[in-house]
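Step one of this worksheet: look at the structure below.
Values in this text are rule-based calculations from the coordinates and carry no lab data. These numbers were taken from a predicted model, which means no experiment stands behind them.
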Amino acid sequence: MMTARPPAPVRHRGIAEDGIAAYIAETVPVDSLVADGYLAGHDGRLIAHQLRAPQLRQAMNRSVCHAVQPDVDSFFQEDGEPDADWKQRRTRTVRDHCTVCPVRAACAELALRDGDTAGVRGGLDPQKLDRRLAAESSRLERARAADEQTGEQQRARFAAGAELLRLTGQYLGTGQPQKRRENVEKMREAARRRDELVAAHRLTAGWTAAA
């Protein structure tokens, strides 16, 4: 449980915005970021840059779209629809859904990570999304690489846990005394490997040793 609200990423001379945003993203749970309004607006965009894809998807569970399930067609231009008509309809969609959404910055960032610029996302129309996709290509490439690394680490943790369960089920209580000792050592080694991966993940995520 948080005992105090973290400092807002306000802009002061000599303090890097992205450094403050990274600190908040690393220390505040996603649900608290949403509740405290940290994933909307300019500051929300900076914090969303620092989140990994699973965190962005978790935030989408608190979106207006998730809550009210609007007509999906509202976010896309229809075939043959005049640009003027689409602009008016798009403006209403942004006003009614995106502007009041507490995770609109996360929504836009997730669209950019996925290269999904076909419709309105996070209050941005396809043209604005395309411009940001081009302008932030280097940053997005680094973010996708970090997402992939996080996914690989998660898969390694799951695999280590599964291997420990497999060895436990296969060896526990079976065999001669000498063989049982060997089996126990295999299980201990698997447990050490799992614990090392979990500890590394906690360190990267900024968790304490007791977390």
Multiply the residue separation of ALA134 and TRP86 by 0.36 nm, subtract the distance between their alpha-carbon atoms, and state the gained length in nm to one decimal. 14.9 nm
Length gain on complete extension for the stretch ARG57 to VAL72, per 0.36 nm per residue less the alpha carbon to alpha carbon distance? 3.6 nm
Find the Rg to Rh ratio for region 70-154, where Rh is the Kirkwood radius over alpha-carbon pairs and Rg uses the same atoms. 1.05
